[in-house]
Amino acid sequence: MEPTAARVIDRAGFGGIFPLLARAGYQVIGPTIRDGAIRYGEVAADADLPGGWTERQDGGTYRLERRADAALFGYAVGPDSLKRYLFPPRSRLVDVSLDHGRLDLTEPELPGVRYAFLGVRACELAAVAIQDRVFLESGAVDRIYAHHRRGAFMIGVNCAVAGGTCFCASMGTGPECTAGYDLVLTELVDGSRHDFVVVAGSDDGMAILEEWGGRPATVADHAAVRRIVATASTSMGRTLDTDGLPKLLRDHPNHPRWEAVAARCLACTNCTLVCPTCFCSTTEDAASLDRKTATRDRRWDSCFALDFSAIHGVPVRSSTRSRYRQWMTHKLSTWHDQFGTSGCVGCGRCITWCPVGIDITEEATAMQTEAGAMQTEVLA
């Protein structure tokens, strides 16, 4: 793709993206207000977006609030991620039928829908890149993920608002979209101005942008984008020092902090279900009463579930302590060994949606502080 200059789309022209994407054969998935939260869903026009809404997040807390303006993307992230569409919560793997002693196994046809994802944050683009490594680049291609991922059109949004539990700046995954998008936009809302600076990141994105129109971005527009990203970067609700963290977690499987957090953890699996990179799954078989048909489905599972690690009916990790340790150590440490990157993108969902407000950044910092104090005592 040849480089393309950024363009500015005004608020009145923003809705023009929807018919362009529809003509290109995409089903648009974007932010909507549903169930008291900003969640991904099918959107057909800009009126479906959460204009004028934001959210307040903290440990175990999520509340929608009205903004003082009509920004369409003036929030951080809700409980949903693109995982719900690329790696669905439940998928049919095989249909089985028995006809006159003949056993037939058939892979169901996958839906022909092509997704255009609107309003994707930098941390979510990073999460998709991580799941690409898991499902496409780790030696065995996952048929279902590959089908949904192929042809997906990504419209990223540079964050103007950092949530109370966000720490993407610490993880190097945001708040600016730097890769993985077809288009990326920055919303400029200032007084009477309401514009979107849009840049293409692929040939498909450039084709859409050229049809979308708008005017060329000016030096002042680019400066406004840099200010917005810088403000979001310095206003993160959380931070995490990742220096030496993988080794620290790997080397301290019996650290007393594991027991302390287990005393609070409900093992409810919320953190893994809202996480945009967690990929644990299990299979379920069901048969008809006449024993002539059967199905096998894949559904999301969690390493916090007691029977997830069961071998011959006996759980390998029988305590909440061991299951929390497995999750956090894998996410921040051994994921590096397995996939060459951290498994955490700093979106903060696991903190927000934990019923008791367990904070992965707080737990990591506590272990770092205690390990540092122990080292100081040894040197003294």
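The values are calculated or read from the model by the stated rules, or taken from the named source; none is laboratory data. Keep in mind that this is a model prediction, so the values were computed, not measured. Because the Cβ atoms are built from the backbone with ideal geometry, glycine has one as well, and the counts that use them run over all protein chains shown. When the accessible area is computed, the model is the full protein with side chains, heavy atoms only, and any ligands, DNA or RNA have been set aside. Shrake-Rupley method; radii C 1.70, N 1.55, O 1.52, S 1.80 Å.
Could you please report the charge total around Ala294, scoring K, R as +1 and D, E as -1 over all other residues with beta-carbon less than 9 angstrom from its beta-carbon?
+1
Give the residue from Pro79, Ala5, Thr186 lying farthest towards the positive end of the charge dipole for the chain; charges sit on Cβ (+1 for Lys and Arg, -1 for Asp and Glu) and the dipole is referred to the Cα centre.
Highest projection toward the positive end goes to Pro79.
Grab the eigenvalues of the alpha-carbon gyration tensor for segment 1-139, scale each by 5, take roots, and send me the semi-axes largest first in whole angstrom.
The three semi-axes for segment 1-139 are 35, 21, 17 Å.
How large are Rg and Dmax for segment 65-219 when only the alpha carbon atoms are used, in Å?
19.7, 74
Show log10 I(q)/I(0) for segment 209-340 at q = 0.12, 0.17 Å⁻¹, two decimals, from a solvent-free Debye sum over equal Cα scatterers.
Reported log10 I(q)/I(0), two decimals: -0.72, -1.03.
Place a +1 charge on the Cβ of each Lys and Arg in segment 260-380 and a -1 charge on the Cβ of each Asp and Glu, then give the dipole magnitude about the Cα centre in debye, rounded to the nearest 20. Don't skip to the end; give the middle numbers.
Numbers: 12 positive and 12 negative charges, 75 e Å.
Here the size comes out at about 360 debye.
In debye, nearest 20: dipole of the chain around its Cα centre with unit charges on the Cβ of K, R (+) and D, E (-)?
Numbers: 40 positive and 46 negative charges, 120 e Å.
Its charge dipole is roughly 580 debye.
On the principal axes of its Cα set, how long, how wide and how thick is the chain? Give whole Å, largest value first.
Result for the chain: principal-axis Cα extents of 79, 64, 39 Å.
Might you tell me the accessible area per residue for the chain, computed with a 1.4 Å probe and given in Å²?
Details: 17770 Å² over 380 residues.
Per-residue value: 47 Å².
For Gly156, enumerate residues with amide H under 5 Å from its amide H, sequence gap 5+ or separate chain, H modeled in the peptide plane.
Under 5 Å from the amide H of Gly156 lie the amide H atoms of Val120, Asp182, Leu183, Val184, Leu185, each far enough along the sequence or on another chain.
For Glu107, tell me the accessible area in Å² from a 1.4 Å probe, rounded to the nearest 10.
Counting only protein heavy atoms, the figure is 110 Å².
Which one, Gly357, Cys166, Gly25, projects farthest toward the positive side of the charge dipole computed for the chain from Cβ point charges (K/R +1, D/E -1)?
Going by the charge dipole, the pick is Gly357.
Amide H of Leu93 versus every other amide H placed in the peptide plane: which residues, excluding those fewer than 5 positions away on the same chain, fall under 5 Å?
Excluding prolines and chain starts, which carry no amide H, the hits are Arg296, Asp297, Arg298.
Mind listing which GluC sites (Glu not before Pro) in segment 26-117 are in a DSSP loop and have 14 or fewer other Cβ atoms within 10 Å?
When the GluC sites (Glu not before Pro) of segment 26-117 are filtered for loop state and at most 14 Cβ neighbours within 10 Å, Glu109 remain.
Out of the trypsin sites (Lys or Arg not before Pro) in segment 112-184, which ones are loop residues according to DSSP with at most 13 other C-beta atoms within 10 Å?
Sites meeting the loop and neighbour criteria: Arg150.
If I ignore ligands, DNA and RNA and count only protein heavy atoms, how much of Met206 is accessible to a 1.4 Å probe, in Å² to the nearest 10?
Spelled out: Met206, probe radius 1.4 Å, area about 40 Å².
Tally up the carbon and sulfur contribution to the accessible surface of the chain as a whole percent, 1.4 Å probe, everything protein left in place.
After summing per-atom areas, the C and S share lands at 51 percent.
Under the Karplus relation 6.51 cos²θ - 1.76 cosθ + 1.60, θ = phi - 60°, what is the ordered set of whole-Hz ³J(HN,Hα) values for segment 201-210, x standing for Gly and Pro?
x, 7, 4, 4, x, 5, 4, 5, 4, 5
Please enumerate, by chain and number, the lysines with C-alpha under 24 Å from the C-alpha of Lys247, excluding those fewer than 8 residues away in the same chain.
Result set, ordered by chain and number: Lys331.
Which one of Leu125, Leu136, Pro108 has its Cα pushed farthest toward the positive end of the charge dipole of segment 104-149, where Lys and Arg give +1 and Asp and Glu give -1 at the Cβ?
Positive-end residue among those listed: Leu125.
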